[in-house]
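Pasting in a structure now, in structure tokens, and then I'll have a few things to ask.
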Amino acid sequence: MTVQLQPPFRYVGHKRRVREDRRFVAGGGHFAADLVLAGMLHCAPVQSEHPAAIIVSIDASAALALPGVRAVLTGAQLAAASEPLMNGAHTPLVVRYPLAVGQVRYAGEWVAMVVAESRALAEDARELVRVEYEQLPFVTDGEAAMAEDAPLVHPPHGSNVLLDRHFVWGPVAERFAAAPHKLAYRVRWARSSTVPLETFAVTAQWDASQDVLDVWASIQMPKFPDQIARSLRLPGNAVRVHYDVDVGGSYGVKRGIKHAVLVGHLARVLGRPVRLVEDRLENMTGGDMQGPERVFDVELAFGGDGRVHAMKMRALDNVGAYAGRSPFQLGKPIGAIVGPYAIEAVEYHALAVASNKTPQEAVRGFGQAPTNYALETGIDKVAAALGLDRLEVRQRNFIRADQFPYLIPSGTTYDSGNYVGLLEKTVAVADLFAERDALRAQGLLAGVGIASCLEPSGGNSSFEPLLNPANRTTTWMESCRIHVDALGGITAAMHTTTSGQAHETLVSVAVAEVLEIPPERIRVIRPDSLASLPSNSPVGSRMAIMLGGAAVRAAQKLRAQLLAIAAHDMDVPQHLLRYSEGDVQAPDGRKLAWQELVVIAHREYFRLPPGMEPGLSASSIYMVPTGGALPKDDKVQMYPCHSFEFHYILVAMDKVLCRPQIRRYIIGHDCGQVISPDVVKGMTLGGIAHGIGAALLEEFSIDAQTGQPTAASFMDYLLPSSHEVPLVEIVHQVTPSPLTVFGQKGSGESGYLGSPAAIAGAINDALAPHGVRVDQLPMRPALLSDLLEGTNA
Amino acid sequence: MKLVLNVNGAARALELEDRTSLLDALRDGVGLKGTHAGCEHGVCGTCTVLLDGDAVRSCLLLAAQAEGHAVTTIEGVTPGPGELSIVQDSFVETHGMQCGYCTPGMVLTAGALLRDNPKPTRDEIVEAISGNLCRCTGYGQIVEAIALAAERLQRSNTP
């Protein structure tokens, strides 16, 4: 059980500069592509031009004849020397290697890798690689892929369905039978992603005299070194991943296992450092970084008062050509399947389907944002069906503040919340309905959007055993080690990469709070994986809770060690001593200052308590505070903490072009005790911007006739610019979690989890007077203007 | 091809393939890694440098085209080791970044704006950075940083 520190806090929650910013703003970040090693070789992939085809032959002779070309690696060669990449779901016959073996399964798939003295030369040479294909039938649509006669993406698997799980939690049939009102609807979430500005980059070097593979990679990946080692048939301690690489954005997708295995293999066989830095086209087609693509079919049973009694949800996810961990993105939302609402019974049918599209990877929220969009659409529809106010319907359905901790039907207990309170504070900022009506009076289409969503945080892996009983992984830890040197300097180590979440600042503030020493005096390092304690990386909105928790635990052990030294040295019972800002004081006024305690620990063994080890060092490997029980009866405790966000926005459009403009964006945000205010603010604003992209702009579209991607550059896959993202007004509320060291919850996915739902709601409110609505994202101007044509607008 | 680039006030003699972009010349030829590749087709602005003081995309210029012009990178606007310019310091003050990848381009674009328009409105700041994508911040704290830098520069004796 976590012992919680209570406010007032010295450093936690106070405005403070983010320490990482100082290097970034001077161009001093250390990104993976910045590394230069002597003798380094460069890669360029040969990509499939077909969505499905047998690889008849690969002729690399002309490429190899080019001066400076060192190798052309094929999938067959790599497969012979490595183990397949790991699958999350139980799909042993869905085999995946970094390069296609025998058959290509999506346009853009990497077929061979050219290695040369320069990247430009490798690009020249790949044009000379001749691949003979025999085209196969293909399928790109998720529903079509489930048809009996659909072409099989992986014939040995026997079907395109990779995951098919059906859950019933609570008396669903009874509630539906008894409900006076029911409605059914379908919403679509298009395939988009996080699309970091830095593509994936990795360099590997094999040290043959020490049998160790050094890897520098732009990653955000749990168990990354283990997976490389397993695939390359190396002992775990023969892979050394350098975590001090700065990652240029990830938000989930920078998994990079296939890239690292590939480059690691090449570095071993060629005996030289090998680097792979994707260009944008490679990244967007064959980088395997696209996100969920969902069709939701939902039924709701509700009363005349708007209270929703039961829900049936079928989620069909088109995960693309290989499984990976992507089917699990249907599992994580089970931990908040009812959102902030007291819905008593839920049926959930999760379907992950393979198709001839780029494989799916983890995206911010791990499936939660699409699920929230589906649920919020339903709440709006309930209000519309009954002629009730959308805010009122939400308030009536909210779990009340006095009901926490609150157990939802699927087995997760929500830690804390005050949803009504935040709604009231947020809507008090402005009367957006009056502003909407004023815009409508000017002849514009205008609508108010509302979304109330949860951000499950503190990530564990409970969805793994829930969806795949063969997988019994429930341990999901994070670690921190603190060392005080002989001069009294404090160094804290974290054991994973960081991609913009200010983890070094987090650790310094957490350690500072316990030791009562300014954060500026605490150095934070990221040693390599062989010098690290276990970590599960910054996924699942977990680091404030988990790395913060580990840092506090380690600091508390260090503080206890200091007190024990002082108690022995001053011969005073420990409980009578007072620790303050690194010094320890006895009741009689005697004091041992920090430097003195350091000297005792490092130099004066004769003053140490008998049996105490010298030096000052402590570590913590911190487990998710709700523990790691296996699922029971198809139920499980998913993430421990639940942040809440309430979006309240105003959108206007002209009636001809239908270009949505967000006129007001007000968000109420409650992530418990805030640790670094500027960081949380940035996460929320960035998450909203990301959601604006998913709602209005972004889609990895594909030509259904040819199976070719039609959005593979920033010219046709549009990211929001400063023009599309409005000024955001944030309303704060603090409802501490009882489970965490400071009462904090996660905020790494905030904004994104609700903004698509809110924008969709606003657009539909704008369309409603004209009798049309749209239930698919992204809501592009062409879609909207086509809908309005022929109406009274 | 041999050429001489004027980078951050120093002449740099380079031997490059003709096709080398200014971006690759700066990163791989001169060894300045603060300029980052984003899309390499002129959309995202990550690779922004100053050419005779104007913000340009170094991925769309050939190195040869930059000969005879003054090229300024993020390293060139940093006053000294461990020091920050007013614009850089303002980005730190408002946390106008997260992962730091687009930041050098943003800082240079902001500097070019403030040189030409010392008192920009919010809309003018938004317009100025609209060619520089940021995937982390949602731009809010970047706009705040540039407004703060404008205010500080107004009160400062240094340009």
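Could you grab the pairs with beta carbons closer than 8 Å, sequence gap of 6+ or different chains, first residue in region A:26-41 and more than 8 Å from every other protein chain (Cβ to nearest Cβ) and more than 19 Å from A:Leu121 (Cβ to Cβ), second one of a type in the set (S, T, N, Q) and not in a strand (DSSP E or B)?
A:Ala32/A:Ser218
Which of the residues that make up region A:5-25 are of a type outside the set (D, E, K, R) and at the interface with chain B (Cβ under 10 Å from one of its Cβ atoms)?
A:Val18, A:Phe24, A:Val25 - these are the residues of region A:5-25 that are of a type outside the set (D, E, K, R) and at the interface with chain B (Cβ under 10 Å from one of its Cβ atoms).
Right, here's the next one. For region B:104-141, how many residues meet the condition of being facing another protein chain (nearest Cβ under 8 Å), without any contact (Cβ under 8 Å) to a residue 24 or more places away in the chain and polar (S, T, N, Q)?
Of the residues in region B:104-141, 1 are facing another protein chain (nearest Cβ under 8 Å), without any contact (Cβ under 8 Å) to a residue 24 or more places away in the chain and polar (S, T, N, Q).
May I pose another question? So which of A:Glu143, A:Glu123, A:Glu132 is out of contact with any Cys (no Cβ under 9 Å at 6 or more places or on another chain), surrounded by fewer than 17 Cβ atoms within 10 Å (Cβ to Cβ) and either assigned to a strand (DSSP E or B) or among the polar types (S, T, N, Q) (or both)?
A:Glu132
Right, here's the next one. Looking only at region A:661-672, filter to residues that are buried (at least 24 other Cβ atoms within 10 Å of the Cβ) and not aromatic (Phe, Trp, Tyr); which one of those is nearest to the chain's Cα centre (by Cα)?
Within region A:661-672, the match that is nearest to the chain's Cα centre (by Cα) is A:Cys671.
If you go through region A:157-173 one residue at a time, do you hit one that is farther than 23 Å from A:Gly286 by Cα, part of a helix (DSSP H, G or I), not basic (Lys, Arg) and not assigned by TED's automatic domain parsing to the domain that holds A:Val247?
The answer is yes; a qualifying residue exists.
May I pose another question? Considering each residue of region A:459-487, count those that are within 18 Å of A:Asp634 (Cβ to Cβ), surrounded by fewer than 23 Cβ atoms within 10 Å (Cβ to Cβ) and of a type in the set (Ser, Thr, Tyr), and give that number.
Total satisfying the criteria: 2.
Filter region A:340-388 down to the residues that are of a type in the set (Phe, Trp, Tyr) and within 25 Å of A:Val448 (Cα to Cα), then identify the one that is surrounded by the fewest Cβ atoms within 10 Å (Cβ to Cβ).
Once the filter is applied, the top-ranked residue is A:Tyr341.
Among the residues of region B:1-42 satisfying the criterion of being at the interface with chain A (Cβ under 10 Å from one of its Cβ atoms) and loosely packed, with under 13 Cβ neighbours inside 10 Å, which is farthest from B:Gly105 (Cα to Cα)?
B:Glu17
Kindly indicate whether any position in region A:389-409 is within 30 Å of A:Leu152 (Cβ to Cβ), in contact (Cβ under 8 Å) with a residue 12 or more places away in the chain and buried (at least 24 other Cβ atoms within 10 Å of the Cβ).
No, region A:389-409 has no match at all.
If you don't mind, there's one more thing I want to ask. Considering only residues that are in contact with a helix residue (DSSP H, G or I) (Cβ under 7 Å, 6 or more places away or on another chain) and in a helix (DSSP H, G or I), which ones fall in region A:412-434?
Once the filter is applied, which keeps residues that are in contact with a helix residue (DSSP H, G or I) (Cβ under 7 Å, 6 or more places away or on another chain) and in a helix (DSSP H, G or I), region A:412-434 yields A:Val420, A:Gly421, A:Leu423, A:Val427.
Tell me, please, whether a residue that is surrounded by fewer than 16 Cβ atoms within 10 Å (Cβ to Cβ), in the same structural domain as A:Val382 (by TED's automatic domain parsing), over 17 Å from A:Val636 (Cβ atoms) and not aliphatic (A, V, I, L, M) can be found in region A:441-456.
yes
Tell me yes or no: at least one residue of region B:33-49 is free of Cβ contacts under 8 Å to residues at least 60 places away in the same chain and in a helix (DSSP H, G or I).
No - not one qualifying residue is present in region B:33-49.
Criterion first (surrounded by fewer than 18 Cβ atoms within 10 Å (Cβ to Cβ) and either assigned by TED's automatic domain parsing to the domain that holds A:Lys332 or outside any strand (DSSP E or B) (or both)) does A:Pro614 satisfy it?
Taking the combined requirement at face value, the residue satisfies it.
Would you pick out the residues in region A:744-765 that are touching a helix residue (DSSP H, G or I) at 6+ places or on another chain (Cβ under 8 Å) and either surrounded by fewer than 16 Cβ atoms within 10 Å (Cβ to Cβ) or outside any loop (DSSP other than H, G, I, E, B) (or both)?
A:Gln744, A:Ser755, A:Pro756, A:Ala757, A:Ala758, A:Ile759, A:Ala760, A:Gly761, A:Ile763, A:Asn764, A:Asp765, listed by residue number.
Right, another one. Which one is farthest from the other protein chains (Cβ to nearest Cβ) among residues in region A:44-62 that are surrounded by 24 or more Cβ atoms within 10 Å (Cβ to Cβ) and of a type in the set (A, V, I, L, M, F, W, C)?
A:Ala52
Which residue out of A:Ile621, A:Ile662, A:Ile688 is within 21 Å of A:Ala544 (Cβ to Cβ) and either within 14 Å of chain B (Cβ to nearest Cβ) or modelled with pLDDT under 95 (or both)?
A:Ile688
Here's the yes/no breakdown for (1) touching a strand residue (DSSP E or B) at 6+ places or on another chain (Cβ under 7 Å); (2) surrounded by 21 or more Cβ atoms within 10 Å (Cβ to Cβ):
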| residue | (1), (2) |
| --- | --- |
| A:Glu596 | no, no |
| A:Arg603 | no, no |
| A:Thr626 | no, no |
| A:Lys635 | yes, no |
| A:Cys641 | yes, yes |
| A:Leu650 | yes, yes |
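Tell me which of these A:Asp279 doesn't satisfy, since it passes every other one: (1) closer than 24 Å to A:Thr474 by Cβ; (2) within 12 Å of chain B (Cβ to nearest Cβ).
Only one criterion in (1) closer than 24 Å to A:Thr474 by Cβ; (2) within 12 Å of chain B (Cβ to nearest Cβ) is unmet by A:Asp279, namely (1).
Of (1) assigned to a helix (DSSP H, G or I); (2) of a type outside the set (Gly, Ala, Ser); (3) within 14 Å of chain B (Cβ to nearest Cβ), A:Pro769 satisfies all except one. Which?
Tallying (1) assigned to a helix (DSSP H, G or I); (2) of a type outside the set (Gly, Ala, Ser); (3) within 14 Å of chain B (Cβ to nearest Cβ), A:Pro769 fails exactly one: (3).
Which residues, taken from region A:665-685, are of a type in the set (Gly, Ala, Ser), at the interface with chain B (Cβ under 9 Å from one of its Cβ atoms) and either in contact (Cβ under 8 Å) with a residue 24 or more places away in the chain or closer than 14 Å to A:Cys453 by Cβ (or both)?
A:Ser676
Using the structure shown, decide if B:Ala70 is surrounded by fewer than 23 Cβ atoms within 10 Å (Cβ to Cβ), over 16 Å from the mean Cα position of the chain (by Cα) and not assigned by TED's automatic domain parsing to the domain that holds B:Ser130.
No.
Tell me which of these A:Tyr185 doesn't satisfy, since it passes every other one: (1) in a loop (DSSP other than H, G, I, E, B); (2) touching a Leu at 6+ places or on another chain (Cβ under 9 Å); (3) not polar (S, T, N, Q).
Going through (1) in a loop (DSSP other than H, G, I, E, B); (2) touching a Leu at 6+ places or on another chain (Cβ under 9 Å); (3) not polar (S, T, N, Q) one by one, A:Tyr185 breaks only (1).
Also, I was wondering about something else. Quick check on this structure: which one of A:Ile228, A:Ile219 is touching a Lys or Arg at 6+ places or on another chain (Cβ under 6 Å) and either farther than 18 Å from A:Pro538 by Cα or among the β-branched types (Val, Ile, Thr) (or both)?
A:Ile219
Also: In region B:78-103, what residues are part of a helix (DSSP H, G or I), facing another protein chain (nearest Cβ under 9 Å) and either within 9 Å of the chain's Cα centre (by Cα) or of a type in the set (A, V, I, L, M, F, W, C) (or both)?
Within region B:78-103, B:Val87, B:Phe91, B:Val92, B:Thr103 qualify.
Also: For region A:24-47, state whether one or more residues are part of a helix (DSSP H, G or I) and within 28 Å of A:Ala550 (Cα to Cα).
yes
The values are calculated or read from the model by the stated rules, or taken from the named source; none is laboratory data. On a predicted model such as this, the values are computed, not experimentally measured, just so you know. All Cβ positions, even for glycine, are placed from backbone atoms using ideal geometry, and neighbour counts span all protein chains on display.
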